[in-house]
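A.B. asks: Handing you this structure, nothing more for now.
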Amino acid sequence: MSIMLRSILSLVPLEIRKDKKHYIVEDTDSREFFEMNEVSIEAIYLIQQSFQLSEIERQLKGKYPDEEVNILDFAEQLLDLNLIREIDGVKIETNSKKKETLGFLWISPKIGKFFFNTYAYFIYSLLFVINVILLGCHPSLFPHYKDLFVFNFMVFNIPLLAGLTIILVFIHEFGHILAMRANNLPTKLGIGHRLFLVVFETDMEAVWKLPSKNRNGLYLAGICFDSVILSIALFSQLIFKNEPGVFLGIMKIIVLDTFIRMVYQCCVFMKTDLYYLIENVLGCFNLMESAQQLIKKQLPFKFSQKAEVIFESEKKMVLLYSVFYFIGVFLSVSLYAIFYIPQLLYALKTVLPGLEKPLTSLPFWDAALFSLQILIVFMLLLISWRKKYLRKSHM
């Protein structure tokens, strides 16, 4: 059904909140959020009062003479976003699906507030500073790529790393979950990947219900818990110097894994926690897409994708983010050069000679099973990538 200037629209239930620069519009049925400017919000208010589109356009042009107003284009955008319920009394059939129910409501907001309040954030900040001092004053505590190899047999190191990583990543994400519950917001936990890393992901879309200043703590919640874990592992190495090698080896793996994850948060080209923090502080959303567009314009070859509009008021912020973007790329390459690639090369150099040993020898089976573990990891990543790009191709 076509939309005309004489049309009267009926919208789906919406909640509108003022943000730093613009407004956040929530579709309360689908729990989707959209950023809109003042003119768009005024148009929505007039639509909700059942004015014809022609009258709405006339009022908007009178109230905002310096703005370009095209109410038909705006109405089509609302239709594309599935925000229109009826056109001239005729119900609109949409393909939109209600989002799955979020959980963790069994966690009391009081528990969340115990871990995330003004005093708690001060303690987390203090621990972060202490961790930096410890790593700077005790070079032996600084993670090394060989810290991964606790056991002489490589086949035992991968399961140990995988088990510890799952636990530590869950603790990181549970920080986000508790921070969400501290604000009485629902959430859920999913699984995804970043480059070669399989990760848990906390659904934090409901943070848009909060004022801008209240979102920052939720984005930092995972790093807060990382700081606690890193402190425990570092102090354990200092206090229990004479403990068995396996215990200290596990503490070193925890330091290695947590340190890499915290540095990885600075790789803002992958939309990490710090990316969303930067976006929120600057009040400029879709920073990554805008920065990528800006970078592509400087390349000698052109891309055919439709460009995003970058507002003049946001150009300085996009340029600033572009600097962080390249810093993140540099850090990501550094992590591979300093840790991941040396670890893989060292492991292969250590175990591959075992394949030449007799079938009945431990070195042979160590090499064979380790190679199988590496193959399984890469297969899981390929499956994850395939699912991701299949989803994109069907969008």
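A.B. asks: Test PRO139 against the criterion of being in the same structural domain as LEU189 (by TED's automatic domain parsing) and surrounded by fewer than 17 Cβ atoms within 10 Å (Cβ to Cβ), and give yes or no.
C.D. replies: Working: in the same structural domain as LEU189 (by TED's automatic domain parsing): yes; surrounded by fewer than 17 Cβ atoms within 10 Å (Cβ to Cβ): yes.
Judged against the criteria, PRO139 is a match.
A.B. asks: May I pose another question? Tell me yes or no: at least one residue of region 100-107 is surrounded by fewer than 16 Cβ atoms within 10 Å (Cβ to Cβ), over 23 Å from ILE260 (Cα atoms), without any contact (Cβ under 8 Å) to a residue 12 or more places away in the chain and among the acidic types (Asp, Glu).
C.D. replies: Among the residues of region 100-107, not one is surrounded by fewer than 16 Cβ atoms within 10 Å (Cβ to Cβ), over 23 Å from ILE260 (Cα atoms), without any contact (Cβ under 8 Å) to a residue 12 or more places away in the chain and among the acidic types (Asp, Glu), which makes the answer no.
To keep it simple, each residue is scored yes or no on (1) at pLDDT below 90; (2) out of contact with any Pro (no Cβ under 9 Å at 6 or more places or on another chain); (3) not assigned by TED's automatic domain parsing to the domain that holds MET251.
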residue	(1), (2), (3)
PHE174	no, yes, no
MET180	no, no, no
LEU189	yes, yes, no
VAL198	yes, yes, no
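A.B. asks: Condition test on LEU178, is it over 20 Å from CYS267 (Cα atoms) and either buried (at least 22 other Cβ atoms within 10 Å of the Cβ) or among the acidic types (Asp, Glu) (or both)? Outline the logic, then answer.
C.D. replies: On the way: over 20 Å from CYS267 (Cα atoms): yes; either buried (at least 22 other Cβ atoms within 10 Å of the Cβ) or among the acidic types (Asp, Glu) (or both): yes.
Considered against the rule, which asks whether it is over 20 Å from CYS267 (Cα atoms) and either buried (at least 22 other Cβ atoms within 10 Å of the Cβ) or among the acidic types (Asp, Glu) (or both), LEU178 comes out as yes.
A.B. asks: Same structure, new question: Would you pick out the residues in region 324-374 that are among the charged types (D, E, K, R), in contact with a Phe, Trp or Tyr (Cβ under 9 Å, 6 or more places away or on another chain) and part of a helix (DSSP H, G or I)?
C.D. replies: Filtering region 324-374 down to residues among the charged types (D, E, K, R) leaves 349, 356-357, 366.
With the extra rule that they be in contact with a Phe, Trp or Tyr (Cβ under 9 Å, 6 or more places away or on another chain), the set shrinks to 356-357, 366.
Once the filter is applied, which keeps residues that are among the charged types (D, E, K, R), in contact with a Phe, Trp or Tyr (Cβ under 9 Å, 6 or more places away or on another chain) and part of a helix (DSSP H, G or I), region 324-374 yields GLU356, ASP366.
A.B. asks: If you scan region 355-377, which residues turn out to be of a type in the set (A, V, I, L, M, F, W, C) and under 19 Å from PHE151 (Cα atoms)? Even if it seems obvious, please write down each step before you answer.
C.D. replies: Start the filter on region 355-377 by keeping residues that are of a type in the set (A, V, I, L, M, F, W, C), which leaves 355, 359, 362, 364-365, 367-370, 372, 374-377.
Once the filter is applied, which keeps residues that are of a type in the set (A, V, I, L, M, F, W, C) and under 19 Å from PHE151 (Cα atoms), region 355-377 yields LEU355, LEU362, PHE364, TRP365, ALA367, ALA368, LEU369, PHE370, LEU372, ILE374.
A.B. asks: Let me ask another. Considering only region 1-19, how many residues are modelled with pLDDT under 90 and surrounded by 15 or more Cβ atoms within 10 Å (Cβ to Cβ)?
C.D. replies: The total comes to 2.
A.B. asks: Taking the options GLY245, GLY222, name whichever one is within 22 Å of ILE158 (Cα to Cα) and of a type in the set (Gly, Ala, Ser).
C.D. replies: GLY245
A.B. asks: In this structure, is ILE254 at pLDDT 95 or above, surrounded by 21 or more Cβ atoms within 10 Å (Cβ to Cβ) and not in a loop (DSSP other than H, G, I, E, B)?
C.D. replies: On the way: at pLDDT 95 or above: yes; surrounded by 21 or more Cβ atoms within 10 Å (Cβ to Cβ): yes; not in a loop (DSSP other than H, G, I, E, B): yes.
Yes; evaluated as a whole, the condition is true for this residue.
A.B. asks: Identify all residues within region 152-176 that are outside any helix (DSSP H, G or I) and either over 20 Å from ALA367 (Cα atoms) or in contact (Cβ under 8 Å) with a residue 60 or more places away in the chain (or both); write none if there are none.
C.D. replies: PHE153
A.B. asks: Taking only region 147-163 into account, find how many residues are out of contact with any Leu (no Cβ under 7 Å at 6 or more places or on another chain) and of a type outside the set (A, V, I, L, M, F, W, C).
C.D. replies: Qualifying residue count, region 147-163: 3.
A.B. asks: Report, by residue number, each residue of region 125-151 that is in a loop (DSSP other than H, G, I, E, B), out of contact with any helix residue (DSSP H, G or I) (no Cβ under 7 Å at 6 or more places or on another chain) and hydrophobic (A, V, I, L, M, F, W, C).
C.D. replies: Within region 125-151, no residue meets the criteria.
A.B. asks: Within region 126-136, count every residue that is in contact (Cβ under 8 Å) with a residue 40 or more places away in the chain and either closer than 14 Å to ASP226 by Cβ or surrounded by fewer than 13 Cβ atoms within 10 Å (Cβ to Cβ) (or both).
C.D. replies: Adding up the residues that qualify gives 5.
A.B. asks: Restricting to region 257-271, what's the tally of residues that are closer than 24 Å to MET36 by Cα and modelled with pLDDT of 90 or more? Write out each step before concluding.
C.D. replies: Start the filter on region 257-271 by keeping residues that are closer than 24 Å to MET36 by Cα, which leaves 271.
Next cut, modelled with pLDDT of 90 or more only: none.
The qualifying residues number 0.
A.B. asks: Do we find that SER96 is more than 30 Å from PHE259 (Cβ to Cβ), under 31 Å from the mean Cα position of the chain (by Cα), at pLDDT below 95 and outside the structural domain of ILE232 (by TED's automatic domain parsing) in this structure?
C.D. replies: yes
A.B. asks: Which of the residues belonging to region 36-70 are on the phi > 0 side of the Ramachandran plot and surrounded by 14 or more Cβ atoms within 10 Å (Cβ to Cβ)?
C.D. replies: none
To keep it simple, each residue is scored yes or no on (1) exposed (fewer than 15 other Cβ atoms within 10 Å of the Cβ); (2) modelled with pLDDT of 85 or more; (3) in contact with an Asp or Glu (Cβ under 7 Å, 6 or more places away or on another chain).
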residue	(1), (2), (3)
LYS296	yes, no, no
PHE303	yes, no, no
LYS306	yes, no, no
VAL318	no, no, no
ILE338	no, yes, no
ILE341	yes, yes, no
PRO363	no, yes, no
MET379	yes, no, no
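The values are calculated or read from the model by the stated rules, or taken from the named source; none is laboratory data. These numbers were taken from a predicted model, which means no experiment stands behind them. Cβ: placed from backbone, ideal geometry, glycine included. Neighbour counts: every protein chain shown.
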